[in-house]
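Reviewing the structure listed below.
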Amino acid sequence: MRKDPTSTVEGFVALLEFLKQDPPADTVVSSLVNGFLSPYRVQRASLHLLVPPENKIHTIGSFGLPDPVSYRFSILDPEMNLPVSYVLRTNRLLHVSPEELFSRFPALQADFGGDPVLQDATRQIAFLPIRVAECPIAVFGFAGSDFDSTRHSDLVVVQGLTAALSLWLGLVRDRLIARLTSPGNVSALALTTRQRAILDLLDQDQTNREMAAALGCSRSTVKNDLQRIMFAVGVRSRGEVLHRAAKLGLMPPPR
């Protein structure tokens with residue numbers, strides 16, 4: 001059953017009380033899915049933060065996204081034709097059907113085209129700008145059923161959700177940015193098993209093609225993982241990766 005305005009206000013108050021505890025971003029997203037947004041039966045959700053001075057969009061929390069997709073979309077370029085970057089540029093809510101999503105943003109087709117949740121005709125996909133002082137600093141996106149941005153009750157939910165997230169991010173944003181932009185902050189951007197394997201193969205002077213064959217993945221996957229490794233260990237070139245990773249204790253000194 002859908003929430004009436006009274007229960008929405010109660011949910012908003014409960015959400016504010018929860019955010020006062022300063023939970024991790026992943027916990028915030030999952031709690032929103034299972035609580036405030038439960039009438040919409042959300043199965044995919046994510047929270048993205050625009051991080052200066054590098055001007056990249058970081059996915060700081062998610063729910064229901066497969067691991068490969070989470071890694072692929074962990075750090076985004078604002079210039080890419082993606083829903084998150086569109087919302088940050090326009091400062092407007094984006095509400096689309098699955099068909100319209102892939103039509104307007106074809107770059108998503110390769111990663112989400114076969115997703116049964118996003119292909120479900122009953123699903124609606126929304127991306128909401130999170131503002132501080134009227135300036136969009138983050139985007140919350142979700143895929144759920146029976147959401148209509150023109151319906152008053154749904155707009156009440158959206159306004160409560162974005163207001164709560166803007167208050168929370170207004171308090172913790174500086175700390176999140178400091179953590180995300182700290183060079184070599186491996187604890188914040190932990191390497192996956194495959195990324196550690198790539199380090200070992202890189203130490204053996206293997207090319208991207210050879211690493212892809214050894215790991216059973218594509219060259220573009222290897223390239224993306226290498227970029228993520230470079231960011232995690234705080235270097236800008238492939239040649240510096242091994243020395244920096246060894247210094248951080250991620251692997252033995254390079255050969």
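The values are calculated or read from the model by the stated rules, or taken from the named source; none is laboratory data. Remember, predicted model here, so these are calculated numbers, not experimental data. For neighbour counting, all protein chains shown are included, and Cβ atoms are generated from backbone atoms with ideal geometry for every residue, glycine included. Only protein heavy atoms, including side chains, enter the accessible area calculation; ligands, DNA and RNA are left aside. Shrake-Rupley method; radii C 1.70, N 1.55, O 1.52, S 1.80 Å.
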Original post:
Out of all the residues in segment 49-80, which are open to solvent by 40 Å² or more (accessible area, probe 1.4 Å), under 16 Å from LEU180 (Cα atoms) and aliphatic (A, V, I, L, M)?
Top reply: LEU50, ILE75
Original post:
Tell me, which residue of segment 41-80 that is polar (S, T, N, Q) and free of Cβ contacts under 8 Å to residues at least 24 places away in the same chain is farthest from CYS217 (Cα to Cα)?
Top reply: ASN55
Subject >> One residue from ALA143, ALA138 being open to solvent by less than 30 Å² (accessible area, probe 1.4 Å), of a type in the set (A, V, I, L, M, F, W, C), farther than 30 Å from ASP174 by Cβ and within 17 Å of the chain's Cα centre (by Cα) >> reply: ALA143
**OP:** Provide a single number: the residues in segment 55-79 that are touching a strand residue (DSSP E or B) at 6+ places or on another chain (Cβ under 9 Å) and not in a helix (DSSP H, G or I).
**Re:** 16
Original post:
Has segment 8-28 got at least one residue that is basic (Lys, Arg) and either under 30 Å from ARG194 (Cβ atoms) or open to solvent by less than 80 Å² (accessible area, probe 1.4 Å) (or both)?
Top reply: no
Original post:
Can you name every residue in segment 13-48 that is more than 22 Å from LEU176 (Cα to Cα), out of contact with any Phe, Trp or Tyr (no Cβ under 7 Å at 6 or more places or on another chain) and in a helix (DSSP H, G or I)?
Top reply: VAL13, ALA14, ASN34, SER38, PRO39
Original post:
Restricting segment 232-244 to residues that are touching a Lys or Arg at 6+ places or on another chain (Cβ under 9 Å) and modelled with pLDDT under 80, which is nearest to LEU191 (Cα to Cα)?
Top reply: VAL233
Original post:
Looking at this structure, is THR193 without any contact (Cβ under 8 Å) to a residue 40 or more places away in the chain, of a type in the set (Ser, Thr, Tyr) and over 19 Å from ILE60 (Cβ atoms)?
Top reply: yes
**OP:** Would you check if LEU108 is under 27 Å from LEU180 (Cα atoms) and assigned to a helix (DSSP H, G or I)?
**Re:** yes
Subject >> Top-ranked residue of segment 81-119 - restricted to ones that are touching a residue at least 24 places away in the same chain (Cβ under 8 Å) and of a type in the set (Asp, Glu), ranked as least open to solvent (accessible area, probe 1.4 Å) >> reply: ASP115
